[in-house]
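The values are calculated or read from the model by the stated rules, or taken from the named source; none is laboratory data. All of these numbers come straight from a predicted model, not from anything done at the bench. Glycine also receives a Cβ, built like all others from the backbone with ideal geometry; neighbour counts cover every protein chain displayed. We work out accessible area using only protein heavy atoms, side chains counted, and drop any ligands, DNA or RNA first. Shrake-Rupley method; radii C 1.70, N 1.55, O 1.52, S 1.80 Å.
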Amino acid sequence: MKKYRSERGVSIPPVLMVIGILVVLSVTFLAVVRFQVQRTGYEQATITAGYVAEIGFQQLRAELAAANGDWTQINGVVSACQTTDPFYTRCQRLPSTNSYAAFRPVRENPLDVNSRIIGVYEAAIETGEKRAIFSNKTLTGATVGFVPNSVSSSEKKGYDIYGNQLCDADAGGCPGRFMGVKVTAWLTDSQGKLLPKGRSQSVYGVLQLNSGNLDPGPSGYLLESDQPIIIDQNTAWNFISKQFDEVGAFYGPLHTNQRFKFRWESIDTETPTRGGVPNASDMLTYARPYPGVLQVDTGLQGLFVNVYNPGTDFVYFPWSMFYQIQWSPAGPEPAAGSTYTVEYNNNPGPGTSTYTVTKGALNGSDPVPGPTENGIVQIRQGATVYNVGTSYQLRTDGFIVWSVPDGMGGWLVGGSEPSSGNSYRVRYIAHTPIRVFDKMNYAGAIPQFQYEHEHAMGSSWPLYQSGHAHTNIAGVNLSANSTTVGADPGYVGASWLHRHYITDDLINLINPDFLWFANSAYSPQSATSHYTPLLRPSSDLTNYKNQLEQLNKYLQLSLGFSMPRNPDESLNPTTLPASSDYLYGYLVGTNVDNHLVYNLPAIDSDDKIVDFRSVYFGRDLKYSAGSQIGADVVLTQPSAQPADKRYYAWIWVNDNAHSSDYMKVADSQVSSDYRMYRYVLIPESKVVVVRDAVVLIGNREPNGGSGACPTLKADCLPLLNGNAPGRATIIDGQLTLLSFTTSPPGPGLDYKYSKGDIVVVGDVRYRNAFYTQYNSGSAKMEVRQLDPQPGVGHNHLTTTSITDGQTKWITNIDGTRARDTNGAFVGNLCGLGLFATHDVKISVTGLMPDPSPDSSPDSTDDRLILHGQLVAGNRVAVHAKDTSGNELLNDPDAQYYDDIWKNRNSFTDRLEFFGTIYSFEKTAFTSYFKLLRNYFYDRSLYMNPLIGAPAYPKTAGDYRDQAVFNNYPSLVQGSWKMGAR
């Protein structure tokens, strides 16, 4: 079996590369003709036919690139190969007839469609599949090939006649990453008729396609950072089911060049009122998971605080540990101080058992042993039986007894208690477990475990701050903290908020109350570090030069342009294009069509803005609703430009995911679910390079409607051409947006919108929907793209499982493209790269109804949906503005302490992310999304990389040789054949 070495690095886009190749070959052709002028016409015709064949090979190579390797999409190829199909004898060939008149022409100047024809060619695609119509061989005649759905080991690999292995059904699937292309050409006259003395020439080569990520890069991880990654608790206590529910987790692999910091938070208080009977009990309403209260206090009153400690002043009884017999004034009850009997059902044992209780205060409550399966049978005193509902109610609430055990079954008066009628605060031990569902790699120090809570120490300032440790907090021990300013662990300012470190080893001695792994292999493992894939701007000269190396690769992808080099081999940026050309994927912060770039008054910056809010990115779009169903969407804007320079139009899209018409496109507002979008053509190169500007993407109206956009300083579009704007930016296809700058923000100003930023101001989603088996065990990691409008008999709302046969799946569970029974790709794969040399700022201003905490759901749509591959040279972080328009950026190391953010977070708003994230600095999603946040790994970004997706440099500082992904098929070394069979 032959082994192939993958080509690495970057190339110009398909069309430009073909042009370059054709120019070289055309020059070669002219030289050959002049050199051969005294040879026979037969010899010259033979040489020219070989040239025509090579031109045809390069044309097919470009078409395969444009079709993402799907040979069935090549214009004119026959993909229907059943004997019942009209052209089956031309299976895997083009054109569909063997008539020379139908063969593809090649012109003397391949760049000039008006130059004379010099030859024609036909072509064949070798996939390694054996077919009956090929006499049970492959197209080129190999006897060993794959047969779809065969269980025979001899029919699971595909070869060509030259012994090149093209695919393996057990490793990557068939058809696979390699494909043979055979081109046979003839010399013709200028009308395309064969020359009488000519003979055909054939060429053959194996192309390596882009169905796999050839160089390791950040698309291999759900979340990656050069800095420590903080893992917050991702479960919540359900007091109804009495279980921990998963409310947010990383469903994919993680990598940090430093260490993981696991962080638990226990800042949960209840404020009951002290009852009228001294040393008696008070009922609590919170049902908390752990049988412990950290402390009770009365809060700071002036410079003083009253602190009460468990075991000294009170005893805490958690929910369900005891029944509370709550006596009602409506019925009879035993006298205070008398005894009565509680009879229990012994189920599952036989009979009943009794417990004697001393009656407390009238109309009060008495604790008795905790619930049994069938509970209490009867409460009686002598012959008197007390009826539930009339004389008493049974409760399982927790409660506090303001007494302490005497060690002999009785009670002693506690040290102190709050005054009758005064409120006090119960500080629970209320952290929740962290659950891990995929591998965790770190290249720095071993993981660290942090525990954060707040409580007083002592009775007056400054004694309520004190260095102290804890033992047995739900089974773990906490190290001593410090009162030194800025200490870690320590206090936050003049507050009770502080941090400890857990001294127990929660990796090897697992405590499920803190940390749980779905598989033991997912515990953090030491690994090698990765070099930064995208550099952030700085004043360092070496960094600047390396940034230019990275920019140069994207200019090659978009404009087909390379900066010249200085004598020292550094790049000279003085020749950088100063004007924009969107169709070539190049935008700068000046002289751009005003529908794309302008200054927004709401932005506290003089930087230019590239506006992709409420945009539908796509190609070859057709209307699927309204009055023009089936018609092409015609690009009409900018209207002042000629037709071939126009790149957008106005459309209406149903962006309500709960609608049966979800993602249908119309020429008018069919219903209120349809919103106006700007349909923008995805450039041929699939890359848009934005220089020295801020990119806005998404759209999110704050609660309260479009009028709240300017009121709350949200960066949303209240209207679009006077109409309701789209509630997202939608990606229909694959696209990479690079926001690039070499100019860093001023000192202390990186929290503002800056050059090189991409600011997500609302939902950014694919046209395709995602389906995941959330809360379904091992399948939780399985994610697939599906078509929301798959055709008659299907509906995107009816998918029942990750393998539902009635669903039009676009990707497989492993992230590879789904294929139909003929081996063709299903549907249109979606992918978005948001690559920013500075920040990807995720704005939550549109989610905040006011500056106060979000204590209840505002609407059914309080969630932010984000699809794509995010790569930030500086940071991916949550961001917001206050009502004065000032940007607020949280410090992720103090995300629980910052007074600004304590008042701007939500326990009800949800973040749903599908994709991958690379952030050089630490991320800080929990600064707003305190509870509900789910991150799903989209493996299709790894298996089908985006154009321009950066790989890790192989050596430190080597950004000239850094690989940036492109989809141009590479010729496998040693596979080229002239005069091929």
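Brief remarks follow.
- Strands (runs of 3 or more DSSP E) fully within segment 618-691 counting 1 or more residues that are aromatic (F, W, Y), out of contact with any Leu (no Cβ under 7 Å at 6 or more places or on another chain) and over 28 Å from G948 (Cα atoms): 648-654, 674-681
- For D611, the criteria (1) in contact (Cβ under 8 Å) with a residue 40 or more places away in the chain; (2) over 30 Å from Y751 (Cβ atoms); (3) open to solvent by less than 50 Å² (accessible area, probe 1.4 Å) hold in every case but one, which is (2).
- Among the residues of this structure, R960 does not count as one that is crowded, with 21+ Cβ neighbours inside 10 Å, touching a residue at least 40 places away in the same chain (Cβ under 8 Å) and of a type in the set (K, R).
- Residue pairs meeting the criteria (Cβ under 8 Å; at least 6 apart or on separate chains; first over 19 Å from H431 (Cα atoms) and surrounded by fewer than 16 Cβ atoms within 10 Å (Cβ to Cβ), in segment 461-488; second at pLDDT 90 or above and of a type in the set (K, R)): D488/R499
- Residue within segment 159-176 that is among the small types (G, A, S), modelled with pLDDT of 90 or more and outside any loop (DSSP other than H, G, I, E, B) present: no
- Residues of segment 967-977 that turn out to be open to solvent by 30 Å² or more (accessible area, probe 1.4 Å) and assigned to a loop (DSSP other than H, G, I, E, B), as a count: 3
- Pairs meeting the criteria (first residue in segment 907-925 and closer than 23 Å to N238 by Cα and in contact (Cβ under 8 Å) with a residue 12 or more places away in the chain, second residue polar (S, T, N, Q) and open to solvent by less than 30 Å² (accessible area, probe 1.4 Å), beta carbons under 6 Å, at least 6 apart or on different chains) are E912/N934.
- The set of residues in segment 88-132 being part of a loop (DSSP other than H, G, I, E, B), more than 17 Å from P175 (Cα to Cα) and open to solvent by less than 30 Å² (accessible area, probe 1.4 Å) consists of P95, F103, S115.
- Residue within segment 178-191 that is free of Cβ contacts under 8 Å to residues at least 12 places away in the same chain and either touching a strand residue (DSSP E or B) at 6+ places or on another chain (Cβ under 7 Å) or not in a loop (DSSP other than H, G, I, E, B) (or both) present: no
- The residues listed here are G407, G414; of these, the one that is loosely packed, with under 14 Cβ neighbours inside 10 Å, closer than 30 Å to S365 by Cα and not assigned by the TED database to the domain that holds E224 is G407.
Quick grid of which residues meet (1) modelled with pLDDT of 85 or more; (2) in a helix (DSSP H, G or I); (3) of a type in the set (G, A, S):
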site: I842; (1), (2), (3): yes, no, no
site: D861; (1), (2), (3): no, no, no
site: H879; (1), (2), (3): yes, no, no
site: S884; (1), (2), (3): no, no, yes
site: N890; (1), (2), (3): no, no, no
site: Y918; (1), (2), (3): yes, no, no
site: T923; (1), (2), (3): yes, no, no
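- Listed conditions (1) polar (S, T, N, Q); (2) modelled with pLDDT under 95; (3) more than 21 Å from H879 (Cβ to Cβ) are all met by N699, apart from (3).
- Counted residues, segment 145-180 - those being touching a Gly at 6+ places or on another chain (Cβ under 6 Å) and either closer than 30 Å to R107 by Cβ or open to solvent by less than 50 Å² (accessible area, probe 1.4 Å) (or both): 9
- Listed here are the strands (runs of 3 or more DSSP E) enclosed by segment 399-491 that have at least 1 residues being of a type in the set (G, A, S) and more than 36 Å from the chain's Cα centre (by Cα): 403-405.
- A count restricted to segment 727-755 and to residues that are buried (at least 24 other Cβ atoms within 10 Å of the Cβ), modelled with pLDDT of 95 or more and in a loop (DSSP other than H, G, I, E, B) stands at 1.
- Residue within segment 668-689 that is open to solvent by 30 Å² or more (accessible area, probe 1.4 Å), of a type in the set (D, E) and touching a residue at least 40 places away in the same chain (Cβ under 8 Å) present: yes
- Residues located in segment 544-582, provided they are open to solvent by 30 Å² or more (accessible area, probe 1.4 Å), modelled with pLDDT of 90 or more and part of a helix (DSSP H, G or I): Y544, K545, P573, T574
- Residues (touching a Gly at 6+ places or on another chain (Cβ under 9 Å) and either in a loop (DSSP other than H, G, I, E, B) or open to solvent by 30 Å² or more (accessible area, probe 1.4 Å) (or both)) located in segment 700-725: R700, E701, P702, N703, T711, L712, K713, A714, D715, C716, L717, P718
- Lone qualifier among F103, F134, F178, F146 - being of a type in the set (F, W, Y) and in contact with a Lys or Arg (Cβ under 9 Å, 6 or more places away or on another chain): F146
- Of residues in segment 243-302 being among the aromatic types (F, W, Y) and modelled with pLDDT under 85, the one nearest to D938 (Cα to Cα): Y290
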